[in-house]
Structure formats: structure tokens, C-alpha cells
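Structure, as C-alpha cells:
Please treat every number below as a calculation from the coordinates, not as lab data. Here the structure is a predicted model, which is why all the values come from computation and not from measurement. With ideal geometry, Cβ positions are generated from the backbone for all residues, glycine too; neighbour counts draw on all protein chains shown.
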Amino acid sequence: MNRKNNMVWGTLVAALLASCVDTEIADVTVAKPESIAQYEYLNDYAPLKSYIDRAANPDFKLGLALAANEFIEGGLVFRLAEANFDEVTAGNAMKYASCVNDKGEMDFETVDKFVTAAQAAGITIYGHTLAWHAQQNNKYLNSLIKDKEMDVDPNDKVDIEDYVVDYSKDAYNFWNSIPEGTTIGVNTEEGCLEIVNPAPTEQNYLVQYFTGDNLPTIEGQDYKLKMMIKGSAKGTLNVGVGPWSGRADGSFSFDTEWKEYEFSFKAVADGGHVMTQSGLFAGTIQIKHVKITHAESPAVEVEQEIREKTYEDGPFPFYVMDGCAPPVINGCIHFVPDGAWRQFFILPGGENKLEEGNYVLYLDIKSDKDASDVQLSMQNGWGADNQQIKVSVPIKAGNQIVKLDFPNVDGGDYDVILIPQESDATLDLRSVKVCKVTKMNSIPLTPEEKKEALTQAMNNWIEGMMKATGGYVT
């Protein structure tokens, strides 16, 4: 109680003292910031568009280029445009690359909002060129004119594995929804996924589980789902392949012996999972593996040399991140171990503009001993979204040519970086060679075929933009 009284008295004293403070404010003059003062003359002017002699120039429009999103927000940019200009042009929002994704799908949501905002403000819109040489989605357009696979007898085609889960060595950590009493997990003794359902449920979907996830499937392409299955009795396993938004559905009628079953399907969407349902089956179902494959013509892979770099005697020719450049001796870059983590640009960007595809690199290198902690990285820029592929370099003592595989390169301008890490081996790098791996089971499209494909894409784009803008854009 005394502590509370002390707190109250303290508050009252503070209030009394505050009431005795002189409340007069001193006469202080503050200079107006120069950044504001230098533009005050603008207050003497009317909106810019009011200075146009409309009688003498009835068709003249004063226009402004701006960011569409800032205009749509209705803030300062919108108010300035509305007050001072007759017409606006979007910075990038109405250009092809801003509206068309890598699959050729068009999104005009921003365009629609931009047009609506301009109409409400009574401002006209001047559009960009509908077809020009820049700011295209080149990845999509190039996919339309890429080489096509040669026609061969379907019986001569081979299955290529795109995805594999092998429950003889892989853990089960996928999503599942099962009722009480039902179990799902890996049987390590038999090397399989095992689902035990003691009694049938009212609906098949009441026992459902992923047997594969994060699939690499691509919408519209043909695949096979392969599963090796055995049951404690004959039964049916329902399957669906794809994301929650849409799957290709099928089923397998299994028995009590191990057998690999196949389900051919066309992917209805990119990626997704293998959904499996078995609620109506009472007993045990075992699954050895789950595979996704696609068929393609057998092909011979040919390595086409893109670039080879050899080194002349003299100083290290490229940028080094830590500032400690190795010497160049007898036409080789000489890497001497010093116990520090270092990385060296042995082939810098600007010289390695690579197309999308598969590549191999060859290092002509000498080492004074075996080394397992050397790495090579191919890196497209330094942002979080840029591709970086890093592989271990199998170094043996002596002179050697080391081949390194770099599959699924996105395409772009790549740095090739050697990272000796903390290796205690002395290395002499004589050359680096970059080769693109090309399959010879494809043939280029004819000029007429390319023209037809690109003309169709252009027509789709122009029609889509015209519908999105509803005739309001000139």
C-alpha cells in the first residue's frame, strides 16, 4: 500500500512542477529549405495543359509517360497526370514481355486497371508499338521455333526417367490423410512403402496419400506413371498425377505378386504430385517404386565447342574477388594452396553467352596430388534469382583432362569460377573448353514453319491487347 501511495504522490508532484513551467515560445526564424524554395515559382502557373491554344491546335495532346502501377494507385502520380496532361503512356506494363509469360499465357490485369483509371480521370492512353524488336518474351517465342524431333517408329522410342522414388532406399515424408487405425510408412525389411488399412472406408479418398511430389512434368506433354505394386489380396489403386488444381486420373488393378504397372497420361498442369487413394481396400498394399517417364527418339549426343580459353604468360587476366591473383606460368594459371577459401574467374562473363540447354566443360589441368575439395561453378549474374551450378572437380595427381557436366542451363551470360577451397594441392590450369551438348534426333523448322508459328503468336498478342483495352487506346 505504501508503494502505491508513493507512486501517486510522485505523479502529483510532477504534474505541479509541469504547471509552473513558462509556456511562452521563443521567436525563432527558420529558413525555408532551398529544395522547396527554388520551385515556389511553379505556384504562379496554371496546369500545364491549360496553356495549349485549343482553338489553333484542336488535335494537340500533352502526354506523359509514367509507371502504370503508380498511376493505378491513385496517389501523387495520378493527381499530377490528371491535372496537367491530356494523355498518358504506360512505362512497360503494356509491352509484350510484361504481359506474356514463358508459356505464352497472357495476363492483362494491370492493363485493364490502367485503362479503367484513365477512363475515370478523362485521360486518353497512347499505347506502345504492338510488335517490335525489343522487350519480347524470347524464351517463349524461341520455344515456338526450336528444332523438332524427327519422326521415327514409336516402337523405336525409349523411355527417359524424369522422376524416381525408390522406397528400398528413400524415406517416406510426403503428405497423407488417413483415418485412425490405418498406417503408412517404409517397410525396411522388404524395401517398400507399406499401407495397412484394417477395414474399408466409406469412400476411397478417405485413405489418400502422396507417393511422389515436386514432379518435373510440363503441361501438355505425354508421360507414363510406373509403379511396382503388390497387395495382400487383389485390389484397385486409384492414382492422379498433377497439382491440386488439376490432375490426370487413372488406376491400377494389382494382385498378390510384384508387378510394375503403367499409366499413360498427358500432364494437365505443370508439376504437382502423385496422389494415391485406397480407402475401399482392406489389407496391405506395398509399393517398391514410383517413376515418371517420357518417350523420345533415340539420339546421338554431339558436343559442339562454344569457346576454349588458354592462358598466356603474365599476370592473371581476370577479376579476383579477394584480390589475391595467382601467377600465370608457362601458359598455365598456377594455383598454390595457402589454406584460405578463394575463388577465381577462369572464364569471365561477357565471353560466355550461352543458350538454354546442356553443356560440358573440359579442364586441361595438372595437380601435384589427388584433391577432392576443388569445385567449379557456372554462375549467371549475382542476384538471388540467377542460376548457379556448382560441381565437384575429380582431381587426380598428374596431367589430365577433366570433363564436367552442366545440364539444364537456363541461358544467359555466365562466369566460370574455380574454387580450390581449402585444398592443399598445387594446380596448373592450361585451358578451359565449353561445349554445348546437342541431340541429333531433331531437325530445324523451315522458314515457312517459323513464320507461321511467330505470326500466330503475334496475332494472339494483338487480339488479346485489343480486347483488354476495349478500343480506348490509340
> What is the distance, in nm, between label points placed 7 Å from the Cα along the Cα-to-Cβ direction at Glu105 and at Ala453?
Replying inline: 2.1
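Based on the Kirkwood radius over alpha-carbon pairs, what is the Stokes-Einstein translational diffusion coefficient of the stretch 59-205 at 37 °C with 0.692 mPa s viscosity, in µm²/s?
Working: Rh = 21.7 Å.
Reported coefficient: 151 µm²/s.
What number, in percent, do you get for the relative contact order of the stretch 301-438 if the mean sequence gap of Cα pairs under 8 Å and at least 6 apart is divided by its residue count?
Working: 368 pairs, mean separation 54.6, N = 138.
Computed value for the stretch 301-438: 40 percent relative contact order.
Where in the chain are the DSSP H helices whose alpha-carbon span along the long axis reaches 24 Å or more and whose Kyte-Doolittle mean is at least 0.0? Please report the intermediate quantities before stating the final value.
On the way: long enough: 2-19 (26 Å, 0.30); 447-469 (33 Å, -0.92).
Membrane-span-like by this criterion, though nothing is claimed about a membrane: 2-19.
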> If you compute log10 I(q)/I(0) by the Debye sum over Cα atoms at q = 0.05, 0.12 Å⁻¹ for the structure shown, which of (i) -0.40, -1.16; (ii) -0.16, -1.05; (iii) -0.21, -1.13 do you land on?
Replying inline: (i)
>> Past 30 Å, Cα to Cα: identify those pairs from Lys369/Lys433; Lys103/Lys433; Lys95/Lys309; Lys139/Lys403; Lys95/Lys157, in the order given.
In response: Lys103/Lys433; Lys95/Lys309; Lys95/Lys157
> What is the log10 of I(q)/I(0) for the stretch 259-413, computed with the Debye formula using one identical point scatterer on each Cα and no solvent, at q = 0.16 Å⁻¹?
Replying inline: -1.07
> Where a Cα-Cα gap under 15 Å defines reach, which aspartates and glutamates qualify for Lys61, not counting those fewer than 8 residues away within the same chain?
Replying inline: Asp53, Glu82, Asp86, Glu87
> Calculated from DSSP H runs of 4 or more alone, at -39500 (n - 2.57) each and per residue, what is the 222 nm mean residue ellipticity of the chain, nearest 500?
Replying inline: -5000 deg cm²/dmol
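Cα-Cα over 22 Å: which of Lys353/Lys390; Lys113/Lys451; Lys169/Lys266? Intermediate values should be presented prior to the final figure.
Numbers: Lys353/Lys390 18 Å; Lys113/Lys451 33 Å; Lys169/Lys266 29 Å.
Checking Cα-Cα distances, Lys113/Lys451; Lys169/Lys266 exceed 22 Å.
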